[in-house]
Amino acid sequence: MGWFENKERPKIPPEKELWAVCPKCKSHFEKAAWRKNDSICPKCNYHGRLSARERITHTADAGTFNEVFREVTYSDHLGFHDAAGPYRGKAEATIARTGETESVVMGACSICGHRVMLGVMDFAFLGGSLGTGTGERIARACELAVRERLPLVIFSASGGARMHEGILSLMQMAKTAAAIGRLKEAGLPYISVLTDPTTGGVSASYAMLGDINITEPKALIGFAGRRVIENTIHQKLPADFQSAEYLEKHGFIDRIVERGEMKGFIAKMLDYWGF
C-alpha cells in the first residue's frame with residue numbers, strides 16, 4: 001500500500017513525543033527545550049501548564065514542603081455515571097495516572113525563608129475541578145494556618161466545579177470562601193495566584209478572594225466560556241477577552257508576574273505584611 005493510501009497513523013505515547021506545541025501561537029519546539037524553559041513559549045511568552053509537583057518545586061524552598069491532608073479525596077455520593085462510564089472509575093484512573101488523590105495539593109513550606117501554607121491545583125486531575133475533597137482540603141488548610149499563624153498561598157488552575165458530585169461540589173464555593181474569611185479575620189494574608197486556566201466555580205470563589213490576586217502572562221481567567229457569553233449577549237467579545245492582560249487592564253487582578261519572578265514576588269509581599 002502506498003503511503004498516500006495509509007490512513008492509519010500509529011499513535012505515539014505522550015512521553016515519547018519529541019515536539020511540544022505552544023497552545024497559544026502554535027509554534028513547535030523540541031520537548032527538551034520546552035521543559036528547559038520551564039514550559040514557557042520563547043516566541044509568545046505563553047506560560048504553559050505545570051503539574052502540582054512541578055509548581056511546588058518552583059515555589060517552595062528545597063526540602064521544606066510537608067504535605068497535609070493527602071488522605072482527603074473525592075466522594076462519589078451520587079454513584080454518578082455518564083456515557084463514558086462511572087465517575088469512580090474515572091477518578092481512580094486519574095489517581096493512578098497522576099499520583100495525586102485530589103485536584104489540589106496542600107502543605108506547609110518555606111518560600112525564601114517565609115513559612116506559609118501552600119496549595120497548588122493540578123489541571124491534570126479531572127481538569128483541576130472543584131470537588132468535595134478539594135474544598136475540604138482548602139478548608140482544613142485554612143484552619144491549620146490559623147492555628148499555626150501561617151499566611152496562605154494558593155495557585156489555582158481549574159475548569160470549575162466538578163459536575164460528577166452535583167450540588168455538593170457547588171457548596172465548596174461557599175465553604176472555601178468562609179474558610180478564607182476566617183483566615184482574614186485572624187489577620188493572616190492570603191495570596192492568590194491564578195494560572196492558565198482558572199475558570200468556573202474556582203474563579204467565582206477562592207481564586208478571586210486574595211488580599212492580592214496575581215497571575216502569569218497570557219493566562220485564561222474567567223467564569224463562563226467565550227462562546228456561551230457571546231451566544232447570550234449576542235455580541236462579539238474582544239480578542240483578548242478573559243486574558244490576564246485584559247483583566248489587569250480592567251482592574252480585576254493586581255499584577256501579572258513572570259514565572260521566573262513569582263517566588264521572589266511572593267516573598268516580597270510576605271515581607272511587606274511582616275510574615
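The values are calculated or read from the model by the stated rules, or taken from the named source; none is laboratory data. The structure presented is a predicted model; accordingly, all values stated were derived computationally and were not measured. Positions of Cβ are generated from backbone atoms using ideal geometry, with glycine treated the same way; all protein chains shown enter the neighbour counts.
Inspect the stretch 191-210 for any residue being charged (D, E, K, R), part of a helix (DSSP H, G or I) and surrounded by 22 or more Cβ atoms within 10 Å (Cβ to Cβ) and give the result as yes or no.
no
Which members of the stretch 212-261 meet the condition of being part of a loop (DSSP other than H, G, I, E, B), under 20 Å from PHE155 (Cα atoms) and charged (D, E, K, R)?
GLU216, LYS218, ASP254, GLU258
Just to be sure before I move on: is ASP76 touching a helix residue (DSSP H, G or I) at 6+ places or on another chain (Cβ under 7 Å), assigned by TED's automatic domain parsing to the domain that holds GLN172 and modelled with pLDDT under 95 in the structure I sent?
yes
Would you point out the residue of the stretch 130-141, among those that are of a type outside the set (A, V, I, L, M) and in contact (Cβ under 8 Å) with a residue 60 or more places away in the chain, that is surrounded by the fewest Cβ atoms within 10 Å (Cβ to Cβ)?
Restricting to residues being of a type outside the set (A, V, I, L, M) and in contact (Cβ under 8 Å) with a residue 60 or more places away in the chain, the top hit is ARG140.
So which residues in the stretch 179-222 are touching a residue at least 60 places away in the same chain (Cβ under 8 Å), over 22 Å from ARG137 (Cα atoms) and not charged (D, E, K, R)?
Once the filter is applied, which keeps residues that are touching a residue at least 60 places away in the same chain (Cβ under 8 Å), over 22 Å from ARG137 (Cα atoms) and not charged (D, E, K, R), the stretch 179-222 yields PRO217, ALA219.
Which condition number in (1) buried (at least 24 other Cβ atoms within 10 Å of the Cβ); (2) closer than 29 Å to LYS268 by Cβ is the one that ARG115 fails?
Of the numbered conditions (1) buried (at least 24 other Cβ atoms within 10 Å of the Cβ); (2) closer than 29 Å to LYS268 by Cβ, the odd one out for ARG115 is (1).
Out of all the residues in the stretch 78-91, which are surrounded by 12 or more Cβ atoms within 10 Å (Cβ to Cβ) and more than 20 Å from the chain's Cα centre (by Cα)?
Selection gives LEU78, PHE80, HIS81, PRO86, TYR87, ARG88, GLY89.
Enumerate the helices (runs of 4 or more DSSP H) found wholly within the stretch 12-131, keeping only those where 1 or more residues are more than 23 Å from ILE256 (Cα to Cα).
31-36, 87-98
Would you mind stating whether LEU270 is closer than 16 Å to ILE138 by Cα, modelled with pLDDT of 95 or more, touching a strand residue (DSSP E or B) at 6+ places or on another chain (Cβ under 9 Å) and among the hydrophobic types (A, V, I, L, M, F, W, C)?
It is false that LEU270 is closer than 16 Å to ILE138 by Cα, modelled with pLDDT of 95 or more, touching a strand residue (DSSP E or B) at 6+ places or on another chain (Cβ under 9 Å) and among the hydrophobic types (A, V, I, L, M, F, W, C).
Taking ARG70 as the residue in question, decide whether it is touching a residue at least 24 places away in the same chain (Cβ under 8 Å) and surrounded by fewer than 17 Cβ atoms within 10 Å (Cβ to Cβ).
Considered against the rule, which asks whether it is touching a residue at least 24 places away in the same chain (Cβ under 8 Å) and surrounded by fewer than 17 Cβ atoms within 10 Å (Cβ to Cβ), ARG70 comes out as yes.
Cβ-Cβ distance below 7 Å, separation of 6 or more or different chains: which pairs start in the stretch 92-113 with a residue that is in the same structural domain as ILE138 (by TED's automatic domain parsing) and end on one that is surrounded by fewer than 20 Cβ atoms within 10 Å (Cβ to Cβ) and among the hydroxyl-bearing types (Ser, Thr, Tyr)?
ILE95/THR101; THR101/THR73; GLU102/THR73; CYS109/THR64; SER110/THR64
In this structure, does ALA157 turn out to be assigned by TED's automatic domain parsing to the domain that holds ILE221, touching a strand residue (DSSP E or B) at 6+ places or on another chain (Cβ under 6 Å), at pLDDT 95 or above and not in a helix (DSSP H, G or I)?
yes
Check LEU126, LEU170, LEU144 and return the single one that is in contact (Cβ under 8 Å) with a residue 24 or more places away in the chain and either crowded, with 22+ Cβ neighbours inside 10 Å or in contact with a Phe, Trp or Tyr (Cβ under 8 Å, 6 or more places away or on another chain) (or both).
LEU126
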